[in-house]
Amino acid sequence: MTAKKWITVLALLAPGVGLIAVMIGTVIYMAVAQSLGYYSLMGESEFSFEFWDKMLGRKAYYKSVRFSIYIGFFSALFSVALAYPLAIWLRKPFNGSLLIGAVLKAPLLVPGLVAAFLFINVISYNGILNQFMQWIGFWDAPHRLQNDRNGYGILVLQTWKNMPFALLLLTGAVQSISDDVLDAARDLGAGTMARFRKIIAPLTISSMQAALVIIFIGAVADFSFQVIAGPTNRQSLAQFMVFFKDSGRWHDAAVVGVTLMAVALIGSALLAFATRIILKGGRIK
Amino acid sequence: MSTIDIDRLEMRFGNFTALKDISVSVKEGEFVTLLGPSGCGKTTLLKLISGFLKPTNGTIKIANEDVTLTPPEHRDTALCFQSYALFPHLTIKDNIEFGLKQKRVNGSERKQRLQDMAGQLALDAQLDKLPNQLSGGQQQRVALGRALIMRPGVILFDEPLSNLDAKLRDSVRVEIRRIQQENNLTAVYVTHDQSEALAMSDRVMVLNGGVIEQVAPPETLYNAPSTSFVADFIGGANIMNAEVTGETEPGVWALQTPIGEMVSKSDRTPAAKHIKVCWRPEAVKLVDSPVNSFTARVTERQFQGSYTDLFVDIGGNGYRLKTSDPGIYPGENINCSIEPSDLILLEAIQ
Ligand SMILES: Nc1ncnc2c1ncn2[C@@H]1O[C@H](COP(=O)(O)OP(=O)(O)OP(=O)(O)O)[C@@H](O)[C@H]1O
Ligand SMILES: [Mg+2]
């Protein structure tokens, strides 16, 4: 394309893309600038690496980064891993499949906070789950399940909440694969796993990537599930950020915020890239 | 050693019986065609043999082993889909090699077989392309190659040539037959094109409404159809009702027909007193004869080049004749006769 054409295209795109760029750009710029000492709400505004320096010296910061990545990665992984078999199962309509599909997607309609409250009720010390496990004789005494140290509670909640979204994306993709193509693979000796790995997954890779990335970004930045059901000995990045903000330390909050954005961006890029590498043996197209 | 033995096979979908009481054996290396009108159950039978459907009754053996309940991935069959069903995300090379990789055939052998197959099907230049970059005929050949490269005991084709133009169809047809014979593959080939069936097959199995009408070599099917359905479906025939009035000498039957008294020379014993009989349009001789002769009035003429189709009226009924004489026109009366052996005895009238 010639320069003139480029300019035309850019001019045509400017009203739409420009607005989006300005809106996103402002937020990012603000966060980055604030993390570097500008836009101080109290006291002097001046450029300084001081806040980054101090932050990078805190153990809790690294813990928080690791924990958020862990939650984001496994939430995305479990949601997609659960959604795939369901999407394949619901590929062909059968009696009741519409109802099952609707029930499976119900969590999309339940606000996360409400779900988290219900969840801790169920797993609480005297909750239904403990009583049930004792009743069937599996456990002798109630277990303490709330706010477990590994964040399993959060993973359950994140998966519960996000699986329907992955299902929504994957169902359409899986349905677009023709029966004959799957039958042909089967006829050539591909069993269930081989059909998934060699046919279904590569043909639905875009939807899979979209689901992984969107769920990852959401879960990395989790705040509400963490506050209610998360471990008390570590904080997610969002929680960490709010902690600084609440104590009036805006520059530290901004440092964590910028970190969160970077983690979301780099993490999703890596995730999307890894998916492609694993499924296509490195071939990009 | 791949034979196919199908015994009293039945396939029902709910209340609908798609196949009924199918029993047939295919020898090793034999090329059998399934021929029949749309909806008669051809694809269903193929899916039963390849394992995508489980019969509601009966058994299927491949190489003397009962595979009725064996899933497709564990049967020594390869199916060539009517819709090609190529893997859209894989290159032609990967498509063709898919089954070999699945079977863990080692790299050098795979390479050799791929080369041979690509050469045979003229696909050498296409190997690095994706399926949607190929023409319909090329895709068809990839589908063939993908199945053939497996060298399966049994190869199944579901109307593999239906999307090709006439010229390409002829050459691919020859190609399929050659590869099948070279590798001594047992083949079942579905088509609704009767000329394809006659030209390619060792035997043809005619299906109608889920039941076998006749299984026979092409020549037998043409010269001695056993039912009026087969007679009409293969090559066309004039079918009449007849009453058997007696056996004038061994194997010669006197008949009362709408076009007069006739005799038929046949190995078959008439199935009943009232039966159907048929004669081929091209079996008629335009000469008088002491037996089986009649006079026909020509009502319509269609010149076809090497022969001429005549539509005639005999005693108020319409029939078709084929003649090499282009000089006969509507309105003329012609004397015709049929050899007793060309008057074929068919099924009883119900
Ligand atoms: N899964 C199914 N459920 C119900 N009926 C079916 C099913 N599959 C096939 N049939 C019916 O069985 C009959 C035979 O179908 P089949 O596909 O074998 O026909 P065919 O001979 O291959 O026809 P064509 O030449 O049009 O391909 C049809 O009447 C079809 O409607
Ligand atoms: Mg069919």
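The values are calculated or read from the model by the stated rules, or taken from the named source; none is laboratory data. Being a predicted model, the structure only gives us computed values, none of them experimental. Don't worry about glycine lacking a Cβ; one is built from the backbone with ideal geometry, like all the others, and counts go over all protein chains shown. We work out accessible area using only protein heavy atoms, side chains counted, and drop any ligands, DNA or RNA first. Shrake-Rupley method; radii C 1.70, N 1.55, O 1.52, S 1.80 Å.
Pull up the cross-link candidates among the lysines for residue A:63, meaning alpha carbon to alpha carbon under 22 Å and not fewer than 8 places away within one chain.
A:54, A:245
In terms of solvent-accessible area of protein heavy atoms at a 1.4 angstrom probe, what is the ranking of B:2, B:83, highest value first?
B:83, B:2
Among the GluC sites (Glu not before Pro) in region A:18-55, which ones are in a DSSP loop with at most 12 other Cβ atoms within 10 Å of the Cβ? Mind listing them?
Answer in residue order: A:44, A:46.
For the Cα atoms of chain B, what angle does the longest principal axis make with the long axis of helix B:166-182, in degrees from 0 to 90, nearest 10?
So the helix axis and the longest Cα principal axis differ by about 70 degrees.
Expressed as an acute angle from 0 to 90° and rounded to the nearest 10, what is the orientation of the C-alpha long axis of helix B:92-102 relative to the principal long axis of chain B?
Relative to chain B, helix B:92-102 is tipped by roughly 80 degrees.
Just which residues of region B:56-73 lose 40 Å² or more accessible area with every protein chain there, against their chain alone, with the probe set to 1.4 Å?
Buried-area filter returns B:73.
Mean 1/r over all different Cα pairs, inverted: what Kirkwood radius does region B:4-228 give, in Å? It would help to have the intermediate numbers written out before the result.
Numbers: mean 1/r = 0.0555 Å⁻¹.
Result for region B:4-228, one decimal place: 18.0 Å.
With every protein chain present, what accessible area does residue A:5 have (1.4 Å probe, heavy atoms only), rounded to the nearest 10 Å²?
120
Using the Karplus curve 6.51 cos²θ - 1.76 cosθ + 1.60 with θ = phi - 60°, work out ³J(HN,Hα) for each residue of region A:200-214 in order, rounded to whole Hz, and write x for Gly and Pro.
5, 4, x, 7, 10, 4, 5, 5, 5, 4, 4, 4, 4, 5, 5
In nanometres, what is the gap between the two model label sites at residue B:265 and residue A:152, each 7 Å from Cα along Cα-to-Cβ?
About 9.1 nm, to one decimal.
Which value at 222 nm does the protein assembly as shown reach when only helices count, each DSSP H run of 4 or more adding -39,500 (n - 2.57), with the total divided by all residues and rounded to the nearest 500 deg cm²/dmol? Let's see the in-between values first.
Values: 22 runs with 278 residues, N = 635.
Counting only the DSSP helices, I get -14000 deg cm²/dmol.
I need to check one value: relative contact order of region B:237-348, counting alpha carbon pairs closer than 8 Å and at least 6 residues apart, in percent.
On the way: 271 pairs, mean separation 35.7, N = 112.
The value is 32 percent.
Would you please classify the overall shape of region A:59-282 from the alpha carbon gyration tensor, given that a ≥ b ≥ c denote the square roots of the eigenvalues, rounded means a/c under 1.5, and beyond that prolate means a/b larger than b/c while oblate covers the rest?
The shape class here is oblate.
What average count of beta carbons from other chains do you get within 10 Å of the Cβ of residues in B:90-98?
The shielding value for this peptide is 2.
How much of residue B:47 can a 1.4 Å solvent probe reach, expressed as accessible area in Å² and rounded to 10?
We get 70 Å² for residue B:47.
Could you state the accessible area per residue of chain B in Å², with a 1.4 Å probe and every protein chain left in place?
Normalised by residue count, the accessible surface of chain B is 44 Å².
I need the calculated FRET efficiency for the pair residue B:322 and residue B:248, taking r as the beta carbon distance and R₀ as 41 Å, to the nearest 0.05.
My answer for the efficiency is 0.90.
For peptide B:74-83, how many partner chain Cβ atoms fall within 10 Å of a residue's Cβ, on average?
Mean partner-chain Cβ count within 10 Å for B:74-83: 3.
What is the distance in Å between the Cα centroid of region B:156-191 and that of region A:177-204?
Cα centroid of region B:156-191 versus Cα centroid of region A:177-204: 25 Å apart.
Pairs of alpha-carbon atoms within less than 8 angstrom and 6+ residues apart define the contacts here; what relative contact order does region A:59-282 have, in percent? Don't skip to the answer; put the middle values down first.
Numbers: 262 pairs, mean separation 70.9, N = 224.
Here the relative contact order equals 32 percent.
What are the ³J(HN,Hα) values, in whole Hz, obtained from phi via the Karplus relation 6.51 cos²θ - 1.76 cosθ + 1.60 with θ = phi - 60°, for each residue of region A:219-230 in sequence order, with x given for Gly and Pro?
In residue order, the calculated couplings are 6, 4, 8, 4, 10, 5, 4, 5, 5, 8, 10, x Hz.
What is the Cα centroid distance between region A:126-173 and region A:227-255, reported in whole angstrom?
Measuring centre to centre over Cα atoms gives 25 Å.
Once amide H atoms are built 1.01 Å from N in the peptide plane, which residues 5 or more positions from residue B:227, or in another chain, come under 5 Å H to H?
The list, which skips near neighbours in sequence, is empty: none.
Quote the relative contact order of chain B in percent (integer), defining contacts as alpha-carbon pairs under 8 Å separated by 6+ residues.
Relative contact order comes out at 16 percent.
Ballpark to the nearest 100 Å², how much total accessible area do A and B bury together, probe 1.4 Å? Mind dumping the intermediate values first?
Values: alone 16870 and 16460 Å², together 31500 Å².
It comes to approximately 1800 Å² buried between A and B.
For residue B:185, tell me the accessible area in Å² from a 1.4 Å probe, rounded to the nearest 10.
10
Please list A:134-144, B:316-326 highest first by mean number of surrounding beta-carbon atoms within 10 Å per residue.
B:316-326, A:134-144
Please compute the volume of the convex hull spanned by the alpha-carbon atoms of the protein assembly as shown and report it per residue in Å³.
276
Determine ³J(HN,Hα), in whole Hz, for all residues of region B:136-145 in sequence, where each value follows from phi through the Karplus function 6.51 cos²θ - 1.76 cosθ + 1.60 and θ = phi - 60°; x replaces Gly and Pro.
Karplus-based 3J(HN,Hα) across region B:136-145 equals x, x, 5, 4, 4, 5, 5, 4, 5, x Hz.
Testing the spin-label approximation: label points 7 Å from Cα along Cα→Cβ at residue A:117 and residue B:104. State their distance in nm.
5.6
Calculate the dipole size of chain B relative to its Cα centre from +1 charges on Lys and Arg beta carbons and -1 charges on Asp and Glu beta carbons; express the result in debye to the nearest 20.
Its charge dipole is roughly 1280 debye.
Would region B:279-330 count as rounded, prolate or oblate if I go by the C-alpha gyration tensor, calling it rounded below 1.5 in a/c and otherwise prolate when a/b exceeds b/c, oblate otherwise?
oblate
Quick one: dipole size for region A:59-282, taken about the Cα centre, charges +1 on Lys/Arg Cβ and -1 on Asp/Glu Cβ, in debye to the nearest 20.
Using only the charged Cβ atoms, the result is roughly 400 debye.
Here are some pairs, A:280/B:93; B:47/B:103; A:198/B:111; A:198/B:103; B:54/B:103; A:105/B:54; which of them have Cα atoms lying more than 26 Å apart in this structure?
A:105/B:54
I need the shape label for region B:202-350. Rule: rounded when a/c is under 1.5, else prolate if a/b > b/c, else oblate, with a, b, c from the alpha carbon gyration tensor.
oblate
Taking beta carbons within 10 Å but only from partner chains, what does the mean come to for residues A:197-206?
For peptide A:197-206, the averaged partner shielding equals 2.
Suppose R0 equals 30 Å. What FRET efficiency, 1/(1 + (r/R0)^6) with r the Cβ-Cβ distance, do residue B:56 and residue B:193 give to the nearest 0.05?
0.50
Sum up the charges of everything whose Cβ sits under 15 Å from the Cβ of residue B:344, counting Lys and Arg as +1 and Asp and Glu as -1, but leave residue B:344 out.
-4
Run the quick spin-label model on residue B:256 and residue B:302: label points 7 Å from Cα toward the beta carbon, then report their separation in nm to one decimal.
Each label point is offset 7 Å from its Cα along the Cβ direction, giving 3.5 nm.
Skip the ligands, DNA and RNA, and give the accessible area per residue of chain A with a 1.4 Å probe, whole Å².
56
Could you point to the residue in A:12, A:35, B:264 farthest towards the positive end of the protein assembly as shown's charge dipole, with +1 and -1 charges on the Cβ of Lys/Arg and Asp/Glu respectively?
A:35
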